[in-house]
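Quick notes on the structure that follows.
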Amino acid sequence: MLKFIIKRLLWMIPSLFAVSFLAFVLIQLPPGDFVTTYIATLASSNEVVDQNTAAALRERFGLDQSMLVQYLKWIWGILSRGDFGISFEWQQPVSGLIWERMALTLVLALASLIATWAIALPIGVYSAVKKYSIGDYAFTAFTFFGLSIPSFLLALVLMYIAAVEFGADVGGLFSPEFETAPWSIAKMLDLLSRLWLPVAILAVSSTASLIRVMRANMLDELPKPYVTTARAKGLSEFRLLIKYPLRIALNPFISTIAWLLPNLISGSVVVAIVLNLPTAAPLLLQALMAQDMYLAGAFVLLICALTLIGSLISDILLALVDPRIRLE
Amino acid sequence: MTDILSITPRPSMAAGKTLLDVKNLVTEFPLRTGIFKAVNDISFSIEPGKTLCVVGESGSGKSVTARSILQIIDSPGRIASGSIILNRQDGTSVDLARLDPRSKAIRAVRGRDIAMIFQEPMSSLSPVHTVGDQITEVLRLHLNMSKAQARKEAAELLRQVEIPNPEQALDRYAFQYSGGMRQRAMIAMALACKPQLLIADEPTTALDVTTQAEILDLIKRLQQTTGMAVLFITHDMGVVAQIADDVLVMHHGVIKEYGPVDQIFHTPKDPYTKMLIGSVLKLEQKAEIRLARPPLDTTAEPILDIRNLSMHFGEMKALNDVSIALLPGETLGIVGESGSGKTTLGRSIMRLYDPASGEMHYRRADGRVVDLARLEGRELKAARRELRMVFQDPFGSLNPRMTVAQVIGEPLLVNGLSKGKELDERVCHLMDQVGLDPAGRERYPHAFSGGQRQRIGIARAITLNPRIIVADEATSALDVSVRFQVLDLLMRLQDELKLAYIFISHDIGVIRYMCDRVGVMYRGRLVEVGEADKVCNNPDHPYTQALISAIPRPDPRDRDRSKRFRYIEPSPHIDPSNVKNRSSAR
């Protein structure tokens, strides 16, 4: 087991290099660079930038060098000083920008994950055990409803209702007075009072699909002979459900951890933009559009690292939970 | 209570109080089209310490009967009427049929008064819990033992069912056990609370015959020491003859005959019972069609000559230096237990596997001899047309989305031999040949019974006028009444079409009925080859002798278990390569 983990960790190093290089190339592939975009932005507000200024800017940002040199410089900065470069657009160190957003992203993602699982798993089990009952049909109707409504639409509608009917101010995660204030108990409470809306919106669609998956998993397990054996032992229906089929039906969810982690960053872009949330996803989108390559590159690198770590964690957990994987 | 019972005394009750009394039990399954009565008005009783065998073919309702007693019928089945009176040792009685399937009262009976074991020990045990966990669970549930007490008791139970190193075995998982061990663990779990009744639902069907004999012995021995009664469900009349005190013959949910085992076997009254017993007795000798046939020309050039064939899966030698020849028109039986390599041999001949070494000389229709082990590409394709296969599982081996006409006609189509109206005519002719009504050719396989599906599989195999057919357990999944029809069909086709068969089976009876010669396989080696009569009745090799001795004799008056023994492989000469082999085979 330990050997397996070490081997996997060592493999992560070349994978990260390969992916980060690929990401760097991909970001540079579209014609032009940050300066072109920058000039275009200025031009749209009727400011004219002459060629010399552009060249000076390129030189300042190091954009006149070859791509390989730029990449090596960037990666060396990360390895030697933990320096991810300076964001062209924000004129701030990339690491600072990312970490500032990551904390809130994490809070939001965890909150919606917990909400999703807490709602979906029990309902999925109920739907499977009471297959074709009225309750099952009701939840099925709800899940298809939840699956088919685009989450940004749900966000708009809920925002409208909250603002017009209840007069609440729902954009962002903080009230204006706390936006720049240092952390305090009052700011925490403010955050909690505003968190429910994005969490609810994000949870609806993922809950819907999770209920279907859980129901299908349970339906696969329920007719298995070991369930009958447990019943013939005299276990109560609830106890045997929890101990046997549920335990095995949960295994596939452990595998999903692999893509839950990268989703922290890149998931729910549209909802975050609609609700004006200060999370990582809108920043990533903006960086890509502006060809702000150090910022975008750092994000892509982070997503890759999280994917690799996520799949390692899910593999280790699966082995811990399922002896068939651990021992064979 | 006793008053009510004494109104209808049964003759057998005079000796003592019955343990379980089932009266007019009806178990039904509501369907879209109406109500299906899986068990229709049956009555029987079991006395303490006795064994009642419920015997019947698939769909007879024997399993549903067993599950009705514990109220663990699969949804949406339910008990519609009747009573199931359990008389406990402390003098109290309870009608199990009246209890709610989820009630506390029935849960107190399950696992404590009445325990159950099932057909598939692998899937009946949880794959992610240790065996010890699953046994201690029952002890803690019903006997309120502490963890330490329960663990100690569980180890003792495993020792009772003869599992070596019980302490370590507790912490292992079902998939780390062998098939026989798993069923032993299931039995240990069932016996944990010393139940008065053990319900065993086909507990040995998935096991090899030698393992089956050991499990039957174990149950018998435990029954003698604990005094529990056994309700044993099986389709195998041989097993019934060996273990039953009373027999209940079921068919389509009703009782055909019910009485002491000797009466059932020696003076059966019901025609269905007679048919069941006749089918086992028939397997005691060679088929009449075969006895009537003129002897084979043993001097003829073999159609297939296998020399020193070996096939490895990793470390395991699935085939170890196998040499055997097949004569034209001959049926060569290959018999062996699971893991003996008999299926691997069949698949290697079909070149579904590429053998590691050895030769398979096949004499083609034009007299040319080719080595099947070396053929590639077009040549292999041509040879494969002349070698066809019939599979075990009549459900899994037919594509559910193809009509029967498509299934049977496909070999003709993909080989570009026939199409359109001509193809249709040939399909109709083939269906006629295997005894199916060609009118059903546009239907899908699910519309056919197991026996009919196997006929479809046979029709597909003979489509291209093959010369050799490899039949891998072709009748094992079929009920006895259908099995003979399929065996007789195979023999008739053999004579009509001049086919040579390689007939792979674990069932000595079928081999004896059908085959001219037999090869016995054991751990990848061919240990004995000879005339079917000789090998099946008077074998030379100790392994074959052990195998034959383990087969339950279909006569309740012949229960001498002392004749049975287990084959223990003689330790080979000290040879480093050989030693390595043996340890890896474990």
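The values are calculated or read from the model by the stated rules, or taken from the named source; none is laboratory data. Note that the structure is predicted; figures quoted are calculated from it, not measured. So basically every Cβ, Gly included, is an ideal-geometry build from the backbone, and we count neighbours across all protein chains shown. Note: areas computed on protein heavy atoms with side chains; ligands, DNA, RNA excluded. Shrake-Rupley method; radii C 1.70, N 1.55, O 1.52, S 1.80 Å.
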Flag for B:ARG172 being more than 24 Å from the chain's Cα centre (by Cα) and within 11 Å of chain A (Cβ to nearest Cβ): yes
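Given the residues B:SER340, B:SER397, which is the only one that is under 30 Å from B:ALA447 (Cβ atoms), touching a residue at least 12 places away in the same chain (Cβ under 8 Å), outside any helix (DSSP H, G or I) and not hydrophobic (A, V, I, L, M, F, W, C)?
Among B:SER340, B:SER397, only B:SER397 is under 30 Å from B:ALA447 (Cβ atoms), touching a residue at least 12 places away in the same chain (Cβ under 8 Å), outside any helix (DSSP H, G or I) and not hydrophobic (A, V, I, L, M, F, W, C).
For the subset of segment A:16-48 comprising residues that are among the polar types (S, T, N, Q) and surrounded by fewer than 15 Cβ atoms within 10 Å (Cβ to Cβ), which member is nearest to A:LEU63 (Cα to Cα)? Please lay out each step first, then the result.
To start, the set of residues in segment A:16-48 that are among the polar types (S, T, N, Q) comprises A:20, A:28, A:36-37, A:41, A:44-46.
In the following step, the residues that additionally are surrounded by fewer than 15 Cβ atoms within 10 Å (Cβ to Cβ) were identified as A:41, A:44-46.
Values: A:THR41: 18, A:SER44: 23, A:SER45: 24, A:ASN46: 25 Å.
Across segment A:16-48, the extreme among qualifying residues is A:THR41.
Does segment A:96-113 contain at least one residue that is among the aliphatic types (A, V, I, L, M) and touching a strand residue (DSSP E or B) at 6+ places or on another chain (Cβ under 9 Å)?
To start, the set of residues in segment A:96-113 that are among the aliphatic types (A, V, I, L, M) comprises A:97-98, A:102-104, A:106-111, A:113.
Those still in the list that are touching a strand residue (DSSP E or B) at 6+ places or on another chain (Cβ under 9 Å) too: none.
No, every residue in segment A:96-113 fails to be among the aliphatic types (A, V, I, L, M) and touching a strand residue (DSSP E or B) at 6+ places or on another chain (Cβ under 9 Å).
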Confirm whether B:ILE42 is within 26 Å of B:GLY238 (Cβ to Cβ), within 14 Å of chain A (Cβ to nearest Cβ), of a type in the set (Val, Ile, Thr) and surrounded by 15 or more Cβ atoms within 10 Å (Cβ to Cβ). no
Applying the selection to segment B:46-84, what residues are open to solvent by 10 Å² or more (accessible area, probe 1.4 Å) and closer than 26 Å to B:LYS17 by Cβ? B:GLU47, B:PRO48, B:GLY49, B:LYS50, B:LYS62, B:ARG67, B:GLN71, B:ILE79, B:SER81, B:GLY82, B:SER83
Out of (1) touching a residue at least 60 places away in the same chain (Cβ under 8 Å); (2) aliphatic (A, V, I, L, M); (3) within 30 Å of B:VAL109 (Cα to Cα), what's the single condition that is false for A:MET214? (3)
For segment A:207-221, which positions are within 14 Å of chain B (Cβ to nearest Cβ) and open to solvent by 40 Å² or more (accessible area, probe 1.4 Å)? A:LEU219, A:ASP220
For the structure I just gave you, tell me whether A:THR256 is within 10 Å of chain B (Cβ to nearest Cβ), open to solvent by less than 30 Å² (accessible area, probe 1.4 Å), among the hydroxyl-bearing types (Ser, Thr, Tyr) and under 24 Å from A:ASP322 (Cβ atoms). no
So, B:ARG586, is that one open to solvent by 90 Å² or more (accessible area, probe 1.4 Å), at pLDDT below 60 and farther than 24 Å from B:ILE324 by Cβ or not? yes
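One line per residue, one yes/no per condition, for (1) assigned by TED's automatic domain parsing to the domain that holds A:ARG58; (2) outside any helix (DSSP H, G or I); (3) more than 26 Å from A:LYS130 (Cα to Cα):
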{"residue": "A:ARG215", "(1), (2), (3)": "no, no, no"}
{"residue": "A:LEU219", "(1), (2), (3)": "no, no, no"}
{"residue": "A:LEU235", "(1), (2), (3)": "no, yes, no"}
{"residue": "A:PHE238", "(1), (2), (3)": "no, no, no"}
{"residue": "A:ASN263", "(1), (2), (3)": "no, no, yes"}
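Looking only at segment B:196-226, filter to residues that are hydroxyl-bearing (Ser, Thr, Tyr) and open to solvent by 10 Å² or more (accessible area, probe 1.4 Å); which one of those is nearest to B:GLU162 (Cα to Cα)? Break it down stepwise before answering.
Just the residues of segment B:196-226 that are hydroxyl-bearing (Ser, Thr, Tyr), to begin with: B:204-205, B:210-211, B:225-226.
Those left that are additionally open to solvent by 10 Å² or more (accessible area, probe 1.4 Å): B:205, B:210-211, B:225-226.
Details: B:THR205: 20, B:THR210: 16, B:THR211: 13, B:THR225: 15, B:THR226: 16 Å.
The qualifying residue nearest to B:GLU162 (Cα to Cα) is B:THR211.
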For segment B:120-132, which positions are touching a residue at least 60 places away in the same chain (Cβ under 8 Å) and surrounded by fewer than 24 Cβ atoms within 10 Å (Cβ to Cβ)? B:GLU120, B:MET122
Being open to solvent by 30 Å² or more (accessible area, probe 1.4 Å) and over 20 Å from B:LEU497 (Cα atoms), is that true of even one residue in segment B:427-435? no
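So, B:ASP495, is that one buried (at least 17 other Cβ atoms within 10 Å of the Cβ), of a type in the set (Asp, Glu) and assigned by TED's automatic domain parsing to the domain that holds B:LEU412 or not? Before the answer, list the steps.
On the way: buried (at least 17 other Cβ atoms within 10 Å of the Cβ): no; of a type in the set (Asp, Glu): yes; assigned by TED's automatic domain parsing to the domain that holds B:LEU412: yes.
Judged against the criteria, B:ASP495 is not a match.
Provide a single number: the residues in segment B:133-156 that are open to solvent by less than 10 Å² (accessible area, probe 1.4 Å) and away from chain A (no Cβ under 11 Å).
Keep residues of segment B:133-156 that are open to solvent by less than 10 Å² (accessible area, probe 1.4 Å), which gives B:134-135, B:138-139, B:150, B:154-155.
Now restrict to residues that are away from chain A (no Cβ under 11 Å): B:150, B:154-155.
Residues meeting the conditions: 3.
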Collect the residues in segment A:266-292 that are open to solvent by 10 Å² or more (accessible area, probe 1.4 Å) and part of a helix (DSSP H, G or I), keeping them in residue-number order. A:SER266, A:VAL269, A:VAL270, A:ILE273, A:VAL274, A:PRO282, A:LEU284, A:LEU285, A:GLN286, A:LEU288, A:MET289
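Please specify each residue of segment B:107-132 satisfying the condition of being among the charged types (D, E, K, R) and at the interface with another protein chain (Cβ under 9 Å from one of its Cβ atoms).
Initial filter on segment B:107-132 (among the charged types (D, E, K, R)): B:107, B:110, B:112-113, B:120.
Residues satisfying the conditions are B:ARG107, B:ARG110, B:ARG112, B:GLU120.
Restricting to segment B:297-319, and then to whatever is polar (S, T, N, Q) and at pLDDT 90 or above, can you tell me which residue is farthest from B:HIS541 (Cα to Cα)?
Residues of segment B:297-319 polar (S, T, N, Q): B:298-299, B:308, B:310.
After this cut, where a residue has to be at pLDDT 90 or above as well, the list is B:308, B:310.
Working: B:ASN308: 20, B:SER310: 21 Å.
Ranking the qualifying residues of segment B:297-319, first place goes to B:SER310.
Can you confirm whether segment B:97-108 contains a residue that is in contact with a Cys (Cβ under 8 Å, 6 or more places away or on another chain) and either outside any loop (DSSP other than H, G, I, E, B) or open to solvent by 40 Å² or more (accessible area, probe 1.4 Å) (or both)?
no
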Output for segment A:224-248, where each listed residue is free of Cβ contacts under 8 Å to residues at least 60 places away in the same chain and more than 7 Å from chain B (Cβ to nearest Cβ): A:VAL227, A:ALA230, A:PHE238, A:ARG239, A:LEU240, A:ILE242, A:LYS243, A:PRO245
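Name the residue that is least open to solvent (accessible area, probe 1.4 Å), counting only residues in segment B:400-419 that are of a type in the set (S, T, N, Q) and out of contact with any Phe, Trp or Tyr (no Cβ under 9 Å at 6 or more places or on another chain).
Of segment B:400-419, the ones of a type in the set (S, T, N, Q) are B:403, B:406, B:415, B:418.
Going one step further and asking which of them are out of contact with any Phe, Trp or Tyr (no Cβ under 9 Å at 6 or more places or on another chain), we end up with B:406, B:415, B:418.
Numbers: B:GLN406: 94, B:ASN415: 38, B:SER418: 9 Å².
Result: B:SER418.
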Filtering segment B:308-335 down to residues that are acidic (Asp, Glu) and either surrounded by fewer than 19 Cβ atoms within 10 Å (Cβ to Cβ) or assigned to a strand (DSSP E or B) (or both) yields B:GLU315, B:ASP321
Determine, yes or no, whether B:LYS104 is more than 9 Å from chain A (Cβ to nearest Cβ) and among the basic types (Lys, Arg). no
